[in-house]
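Structure record follows, encoded as structure tokens.
The values are calculated or read from the model by the stated rules, or taken from the named source; none is laboratory data. All figures in this text were calculated on a predicted structure; none of them were measured in a lab. Cβ sites come from the backbone with ideal geometry, for glycine too, and all protein chains shown count toward neighbours.
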Amino acid sequence: MFKLKKRPLKATKPPDLYNILENYTDFDPPGNVMVCAKAGPENVDYHATVLAESYGIPFEEMNVLLQEGGIYTYPPTGGLVTKGLFICKIDPDGKQPKHTWVMDVEQCADAEKLVQYRGISFLEAAEEIFYRGLAKELRDRLKQKNLGIDYTKLDRSVSKGGDISYIDFRKDWSPHFKRKCIMPDGSMVETGGVQEFAELHEITVPQAKELLEQGGTLEISDGVLACQIVNNQPTVARFNAKQYAKARELTASKGLHILDALSEVAFNDPILMRSLRRLEQSP
């Protein structure tokens with residue numbers, strides 16, 4: 001009697017959230033954003049799921065925002081307003097892609113002043129404050145269809161999707177684009193998202209999240225992780241036990257902050273600096 005062999009089920013691949021990524025994080029804040037765009041139709045449920053997880057907003061509310069546009073104001077924490085708001089802007093004529101972004105407390109305050117000064121709605125003021133802070137190159141490109149991208153130079157799998165349907169201006173450590181960590185030997189290791197970062201360094205997700213959000217140092221089994229927040233973006237370096245010991249000696253002898261001491265150790269490490277220079281010179 002013959003036995004029928006069942007074909008193994010293929011793992012369901014999640015839809016692409018972004019297929020166009022452009023880095024503006026080196027620009028001065030608050031315009032230091034990562035442009036994350038989707039050429040092709042939007043999967044609203046998947047888009048809402050990822051953004052809800054990224055920004056700590058209930059899925060149901062995010063889903064409505066992505067369909068109708070509007071503002072989500074973060075609730076006060078301990079009686080204090082520590083976060084700003086999330087905005088989804090939808091062109092009523094459907095000629096421009098959907099835009100989403102987060103504004104911090106200072107930007108919100110500037111928007112409130114603009115409301116009082118100009119007598120416009122808060123949404124109009126928030127949009128003006130946000131776009132005003134972006135790099136001029138990006139502001140100019142946002143006025144062009146599909147960011148002015150030459151679709152003939154895009155990968156066929158991307159260009160065949162059609163026009164850009166949405167752009168998320170992100171600042172968070174997202175699994176949908178890579179950030180680099182400088183390793184003790186000067187190599188750069190890319191990780192996408194807090195989970196992958198935590199796994200690489202064998203730490204817990206809460207530890208990784210706190211380090212990336214607040215900066216500072218975190219001792220690990222064979223050294224230390226150091227994170228500096230530059231332009232609201234986390235820059236991470238890993239140091240081995242020997243390098244960490246040298247840094248602690250500097251804090252004791254020179255009274256340096258541990259992050260400054262680690263920076264000095266890096267600049268005086270010939271292997272580390274040689275590797276970094278080689279990376280800078282590579283195309």
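If you go through the stretch 51-98 and keep only what is modelled with pLDDT of 95 or more and among the small types (Gly, Ala, Ser), you end up with Gly69, Gly70.
Which is in contact with an Asp or Glu (Cβ under 9 Å, 6 or more places away or on another chain) and either in contact (Cβ under 8 Å) with a residue 24 or more places away in the chain or at negative phi (or both), of Arg179, Arg156? Reasoning before the result, please.
Numbers: Arg156 fails: in contact with an Asp or Glu (Cβ under 9 Å, 6 or more places away or on another chain).
Answer to the check: Arg179.
Screening Lys89, Lys98, Lys178 for residues that are under 15 Å from the mean Cα position of the chain (by Cα) and not aromatic (Phe, Trp, Tyr) leaves exactly one candidate, Lys178.
When Val205 is tested against (1) touching a helix residue (DSSP H, G or I) at 6+ places or on another chain (Cβ under 7 Å); (2) under 23 Å from Thr25 (Cα atoms), just one condition goes unmet, and that condition is (2).
Among the residues of the stretch 229-245, what is the count of those that are surrounded by fewer than 17 Cβ atoms within 10 Å (Cβ to Cβ), in a helix (DSSP H, G or I) and not aliphatic (A, V, I, L, M)? The qualifying residues number 1.
If we only count strands (runs of 3 or more DSSP E) wholly inside the stretch 142-215, which ones have 1 or more residues that are surrounded by fewer than 19 Cβ atoms within 10 Å (Cβ to Cβ) and of a type in the set (A, V, I, L, M)? Full working, then the answer.
Details: elements: 164-170, 179-182, 188-191.
The qualifying strands (runs of 3 or more DSSP E) are 188-191.
Can you find a residue in the stretch 165-176 that is in the same structural domain as Phe86 (by TED's automatic domain parsing), modelled with pLDDT of 85 or more and touching a helix residue (DSSP H, G or I) at 6+ places or on another chain (Cβ under 6 Å)? So far as the stretch 165-176 goes, no, none of its residues is in the same structural domain as Phe86 (by TED's automatic domain parsing), modelled with pLDDT of 85 or more and touching a helix residue (DSSP H, G or I) at 6+ places or on another chain (Cβ under 6 Å).
Could you tell me whether the stretch 94-106 includes any residue that is touching a residue at least 60 places away in the same chain (Cβ under 8 Å) and either farther than 20 Å from Asn23 by Cα or surrounded by fewer than 18 Cβ atoms within 10 Å (Cβ to Cβ) (or both)? Checked against the condition, which is being touching a residue at least 60 places away in the same chain (Cβ under 8 Å) and either farther than 20 Å from Asn23 by Cα or surrounded by fewer than 18 Cβ atoms within 10 Å (Cβ to Cβ) (or both), the stretch 94-106 yields at least one hit.
If only residues of the stretch 109-126 that are more than 16 Å from Pro29 (Cα to Cα) and touching a residue at least 40 places away in the same chain (Cβ under 8 Å) are counted, the one that is farthest from the chain's Cα centre (by Cα) is Phe122.
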